[in-house]
Amino acid sequence: MPTSHVMTVRLFHGIWLIQVALCFTLLQIASQSADKPTTPNPTDPTPNPINSSPTITAVVAITDDPYPVKKMKTRHPANRSIKRGRSEYGYQNNNNATVNPTTDSFRTRNRHGSVATDAAAVENIEIRKTSAIVPGDIMLGGLFPVHNKGVRTACGEIQADRGVQRLEAMLFAIDKINKDKSLLRDVKLGANIMDTCSRDTYALEQSLEYVRASLSSLDAGTYICADGSRAVPANSPVPVVGVIGGSYSTVSIQVANLFRLFRIPQISYASTSAALSDKSRFDYFARTVPPDNFQAKAIADIVRSFNWTYVSTVASEGNYGEMGIESFKQEATVRNICIAVHRKVIQSATPDDFDDVIESLLEQSMARVVVLFLRVEDASNLLLAARRRNDTDHFVWIASDGWGSQDMPVRNKEYVAEGALTIELQSTALVPFDRYFMSLNPDNNKRNPWFVEYWQSTFACRLRTDDPDEANATYCSGAERISPVVYKQETKIQFVYDAVYALAYALDNMFMDHCGKYKGRKNRKRCIQSMRIDGRSLFYDYLLNVSFNGKDRSINISMQF
């Protein structure tokens, strides 16, 4: 397979680091930090066409392991069958892995007493609500794009990187926090994680589960049955103190309007739309990534540094794409860069729509540089349309972090992407997460109800079930393992990790202020359990003022929003 030469530009909290292997040396573009939120009280040049495209290779940063994880043996009762050797799906458990399987939303138990994932329920995601559950004293919500948008259904194919990996990063962070005796030492952190299917309306429907506790005023215990027993609710909603997510800006904007009504703090690990910086509208929203106006400034500086003054633009429909391109246009005007043509990719775009976009770009033959603010699936489909036209060496793509350093957009389209420059947020790989994720298999990861689907998609095989319809299926051998051949850490894992820790530190500070005066673990825990956690106080008094040592820097949450 040919190698596409793509440069990746990385952002580190307001500082763009452009790392180039061949054509030019390290260039730094410094930007100011994102605006600090304030607590609300009841802000004709001559075209210069290019003749050749640069050949650039991406630079990958490798770091040492700053988070040594103590090896531990899995002692969860649901894992007893795994300890004896082969288990439900025939995979050998690694007893030294930092895996902590817990009961998920499926209650089917096998003969060993472990909770078995219902394969049919994984496939029928349109019919039944599914969530990854980690029991705890204090619950966090989580919103992740486990699946892509479907064409005729709400949910499409599973997303291994942006979906499953990021979800597991939240579970990994919760595991570490619960094992940390200096953080939330008197309570156990839990989670209720939902799939957004990369669709804002679907995410809003899923998020209603988080506010049901606030909406429920009926106390079933006050009702007495005919036999004298008290009524027990069949499905009591569990309140969450905060939500990690969403991923896409359109999703975060949609659910933020709901969460603010119930004062539920929200921290996104990937939503970069500048619209979310409006604290009058999104007053309970925070994020661990900078807004898109930094990307727009960086892209404009890159274009100007190559002396390209005549470019075209393509944006995905929605806040991320449209506002990102609008920010770029403003920066381009300041730098005397002309826009030849602008096209918008609608959310329901078909292959014909992408072909039409390519046609309109080709009509402006002098503008070979194309600036993209596209979602990852739109970037992939646009390159596919260019390949259908056999335009493999005409365009020079400059793409935002929607494409970033991901392989998916260029897979089987390497020649079309040759010479592209892409933007990526500066992040450092979490080496302990690599060990954690590569130790997972369908037998020791019951708490993630989508992991079986991920496994079958990754290894192109079916796990053995009693379904007679799978008689002719290619079954997994039991020897499959997650390795660097099929796994590469997604670039925003660090930001998911930071978001979970930020909320944990905020809760820890709140509990210390309210219950630290009590002596003894039981007394402090009783105090915490009796607390009514006020979302407004948690967000403005604690979350926005929290600081801690992150992966490779000091985290000050108040600076990021």
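The values are calculated or read from the model by the stated rules, or taken from the named source; none is laboratory data. Quantities reported herein were computed from a predicted structural model and do not represent experimental measurements. Here the Cβ positions follow ideal geometry from the backbone for every residue, glycine too, while neighbour counts run over all protein chains shown. Note: accessible area is taken over every heavy atom of the protein model, side chains too, but ligands, DNA and RNA are not part of it. Shrake-Rupley method; radii C 1.70, N 1.55, O 1.52, S 1.80 Å.
Determine whether P442 is crowded, with 18+ Cβ neighbours inside 10 Å, under 30 Å from K329 (Cα atoms) and not basic (K, R). Criteria not met by P442.
Just wondering, is there one or more residues in the stretch 153-173 that are open to solvent by 30 Å² or more (accessible area, probe 1.4 Å), assigned to a loop (DSSP other than H, G, I, E, B) and of a type outside the set (D, E, K, R)? Yes, there is a match, as at least one residue in the stretch 153-173 is open to solvent by 30 Å² or more (accessible area, probe 1.4 Å), assigned to a loop (DSSP other than H, G, I, E, B) and of a type outside the set (D, E, K, R).
Please enumerate the residues belonging to the stretch 248-265 that are surrounded by fewer than 24 Cβ atoms within 10 Å (Cβ to Cβ) and in a loop (DSSP other than H, G, I, E, B). Scanning the stretch 248-265 gives a single hit, R263. Only one entry in N444, N390 is in a loop (DSSP other than H, G, I, E, B) and within 29 Å of K176 (Cβ to Cβ), namely N444. Within the stretch 489-502, can one find any residue that is part of a loop (DSSP other than H, G, I, E, B) and more than 19 Å from the chain's Cα centre (by Cα)? No - not one qualifying residue is present in the stretch 489-502. Look at the stretch 183-195: where a residue is in a strand (DSSP E or B) and open to solvent by 10 Å² or more (accessible area, probe 1.4 Å) and a partner is of a type in the set (V, I, T) and modelled with pLDDT under 95, sitting 6+ places away or on another chain with Cβ atoms under 6 Å, you get N192/I133. Is it fair to say A429 is assigned to a loop (DSSP other than H, G, I, E, B) and of a type in the set (A, V, I, L, M)? Spelling it out, A429 is indeed assigned to a loop (DSSP other than H, G, I, E, B) and of a type in the set (A, V, I, L, M). What are the residues in the stretch 338-378 that are buried (at least 22 other Cβ atoms within 10 Å of the Cβ) and either within 18 Å of N307 (Cβ to Cβ) or among the charged types (D, E, K, R) (or both), if any? Those that are buried (at least 22 other Cβ atoms within 10 Å of the Cβ) and either within 18 Å of N307 (Cβ to Cβ) or among the charged types (D, E, K, R) (or both): A367, R368, V369, V370, V371, R375, D378. Just give me the residues in the stretch 278-336 being closer than 28 Å to Y497 by Cβ and β-branched (V, I, T), in sequence order. Correct list: T288, V289, I299.
From the list S477, S405, the lone residue that is at pLDDT below 95 and within 16 Å of the chain's Cα centre (by Cα) is S405. In the stretch 353-375 there is no residue matching the filter, namely being in contact with a Ser or Thr (Cβ under 9 Å, 6 or more places away or on another chain), at pLDDT below 95, in a helix (DSSP H, G or I) and over 20 Å from F328 (Cβ atoms). Does the stretch 210-236 hold any residues that are more than 26 Å from the chain's Cα centre (by Cα), open to solvent by less than 70 Å² (accessible area, probe 1.4 Å) and at pLDDT 75 or above, and which are they? Once the filter is applied, which keeps residues that are more than 26 Å from the chain's Cα centre (by Cα), open to solvent by less than 70 Å² (accessible area, probe 1.4 Å) and at pLDDT 75 or above, the stretch 210-236 yields C225, G228, S229. Comparison of Y269, Y284 shows that the only residue that is at pLDDT 95 or above, farther than 22 Å from W397 by Cβ and open to solvent by 10 Å² or more (accessible area, probe 1.4 Å) is Y284. In this entry, T422 is excluded by the filter for residues that are polar (S, T, N, Q) and open to solvent by 30 Å² or more (accessible area, probe 1.4 Å).
Yes/no matrix, rows are residues, columns are (1) farther than 21 Å from L503 by Cα; (2) at pLDDT 95 or above:
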position	(1), (2)
P145	no, yes
D161	yes, no
R166	no, yes
G190	no, yes
M194	no, yes
V238	no, no
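Checked against the criteria, M512 counts as modelled with pLDDT of 90 or more, of a type in the set (A, V, I, L, M, F, W, C), open to solvent by 10 Å² or more (accessible area, probe 1.4 Å) and farther than 26 Å from D161 by Cβ. Is it the case that some residue within the stretch 275-286 is in a strand (DSSP E or B) and within 27 Å of S547 (Cβ to Cβ)? Yes, the stretch 275-286 has at least one match.
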